[in-house]
1. At q = 0.17 Å⁻¹, what base-10 log of I(q)/I(0) does the Debye formula yield for the stretch 42-220 when every alpha carbon is treated as an equal point scatterer in vacuo?
2. Give the residue list of trypsin sites (Lys or Arg not before Pro) in the stretch 150-223 that are DSSP loop and have at most 13 other beta-carbon atoms within 10 angstrom.
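Read-outs throughout are calculated quantities, based only on the coordinates presented, and are distinct from any laboratory measurement. Note that this is a predicted model, so its numbers are computed, not measured. A quick note on method: Cβ atoms are made from the backbone with ideal geometry, for glycine too, and the neighbour counts reach across all protein chains shown.
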Amino acid sequence: MESNNSPLNHTKLVHPNNNHDHEQNTTLEIESDKFDYSKRSQWLRAAVLGANDGLVSTASLMMGVGAVKQDIKAMILSGFAGLVAGACSMAIGEFVSVYSQLDIEIAQIKRDKNIENNGNNIEEVVIEKESLPNPLQAAAASALAFSIGAMVPLLAASFIKDYKLRVGVVLVAVSFALVVFGLLGAVLGKAPVLKSCLRVLLGGWIAMAITFGLTKLIGSSGL
């Protein structure tokens, strides 16, 4: 009887453990599938904004200069100046903006935790700081993304001497890059892809058209 009961007892002990392990694995799998994409919002916003700004502003600047002066050297120099100035401006602006936001959120955390009167909350405040926006990260992402975006029209126009062909190639390259940036931002942020791509593409076209048209108008007036 003891030999017959032993396997049964062993089975009763192991079976619940297996179920428990299975439940733990299932819970871990479910938790791993849950990801808060809003946590990406800070650096994603800075990166996408920087790339779009670099692409559109540099292309618009080159198109504007090209509207009154068809020399390739003038277009390249204007584009390079736009890249450097824009990257520095984006980095400084993003750093100041995010740092101001960081100061406000830290001050609010201290008020909520009442850190001056309760030393036990210090660890909790430090932990919460890790999830706060990072000014250096946002500034670096903006500058790098701006530079990457600005390189697209520069590279597209660098080796084409014919004016009309150069403008056409820049338009095609910039349009393709706008779609890619819109797609990238939508995929990383789990947003609607088509809407994001169209919004970025149409916005870039409008900016280039306005810059080209106004510069052409002013240039033709003899100012």
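1. -1.00
2. Numbers: sites: 161, 164, 166, 190, 195, 199, 216; in loops: 161, 190.
Taking the stretch 150-223 and a limit of 13 other Cβ atoms within 10 Å, the loop trypsin sites (Lys or Arg not before Pro) found are 161, 190.
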